[in-house]
1. Might you check whether a residue that is modelled with pLDDT of 90 or more and either farther than 15 Å from Lys140 by Cβ or not aromatic (Phe, Trp, Tyr) (or both) occurs anywhere in segment 19-26?
2. Which condition breaks for Tyr70 when tested against (1) farther than 23 Å from Leu18 by Cα; (2) at pLDDT 85 or above; (3) touching a strand residue (DSSP E or B) at 6+ places or on another chain (Cβ under 8 Å)?
3. Applying the selection to segment 115-134, what residues are over 12 Å from Val6 (Cα atoms) and part of a strand (DSSP E or B)?
4. Considering only residues that are assigned to a helix (DSSP H, G or I) and of a type in the set (Ser, Thr, Tyr), look in segment 82-114 and name the one that is farthest from the chain's Cα centre (by Cα).
5. Looking at (1) surrounded by fewer than 18 Cβ atoms within 10 Å (Cβ to Cβ); (2) within 10 Å of the chain's Cα centre (by Cα); (3) among the hydrophobic types (A, V, I, L, M, F, W, C), can you tell me which one Leu119 breaks?
6. What pairs come up if the first residue lies in segment 78-96 and is without any contact (Cβ under 8 Å) to a residue 60 or more places away in the chain and of a type in the set (Gly, Ala, Ser), the second is in a helix (DSSP H, G or I) and crowded, with 16+ Cβ neighbours inside 10 Å, and their beta carbons are under 7 Å apart, counting only those six or more places apart or on different chains?
Amino acid sequence: MKTCLVVADGARARFLILAPAETSKLQFGPNLVELKDFINPEADEYGRDLWSDTKTGVTRAWSRGQAHSYDDHREEHEAEFVRRFAKTIAEETKTFVRAQKANTLIIAAPKKMLGFLRLALNQSLKGNVSVKEVPKDFSKLNPVELHEHLAKQKILPPRRRPPAPGSLAKRGQAPSSRR
């Protein structure tokens, strides 16, 4: 069974696989290995060059002091950027899952992004792939931290730890020492 993991937010998407441990019993494993990472080019535009004002709200007319409210539909524009990025992520996910010959896909993303991804993936991901959703933003975690969180939730198997120093000696397998 091969497992792929996509971790995304509105600005970044990371693609990982669950790789088995080396054959040595002294190795950690299984391990999440990040194979691909990309950034939403529109994410840099949020609030910087895209909007002339810093926020929506109320302005006052100079002559009479009357207040005028306005709405530049900023939230709708930002949702559209996230939706387009989710569509790009879905296409990359489809290619990634096929290339890895995975039968399990785990998607971890904030609820809003997860909703956009679900819609986009329903249109593009087909076959015998089991999809598990994790409605949480794990985008800033490194692969080891991410694995620990998902193992606590029983979504991934826990990582095997190598034996503690000295435990080999207790079993009659003293480590070799060089002098």
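The values are calculated or read from the model by the stated rules, or taken from the named source; none is laboratory data. Everything numeric in this text was worked out from a predicted model, so none of it was measured. Counting neighbours? That spans all protein chains shown, and the Cβs are built from the backbone with ideal geometry, glycine included.
1. Just the residues of segment 19-26 that are modelled with pLDDT of 90 or more, to begin with: 19.
Applying the additional criterion that residues be either farther than 15 Å from Lys140 by Cβ or not aromatic (Phe, Trp, Tyr) (or both) yields 19.
Within segment 19-26 (the criterion being modelled with pLDDT of 90 or more and either farther than 15 Å from Lys140 by Cβ or not aromatic (Phe, Trp, Tyr) (or both)), the answer is yes, since at least one residue qualifies.
2. Of everything listed in (1) farther than 23 Å from Leu18 by Cα; (2) at pLDDT 85 or above; (3) touching a strand residue (DSSP E or B) at 6+ places or on another chain (Cβ under 8 Å), Tyr70 misses just condition (2).
3. Listed by number, the list holds a single entry, Ser130.
4. So the first thing to find is which residues in segment 82-114 are assigned to a helix (DSSP H, G or I), and the list is 82-100, 111-114.
Checking the rest, the ones that are also of a type in the set (Ser, Thr, Tyr) come to 88, 93, 95.
Details: Thr88: 14, Thr93: 11, Thr95: 16 Å.
Per the stated criteria, the residue is Thr95.
5. Single failed check for Leu119: (2).
6. From residues that are without any contact (Cβ under 8 Å) to a residue 60 or more places away in the chain and of a type in the set (Gly, Ala, Ser), the pairs are Ala90/Leu117; Ala90/Ala120; Ala90/Leu121.
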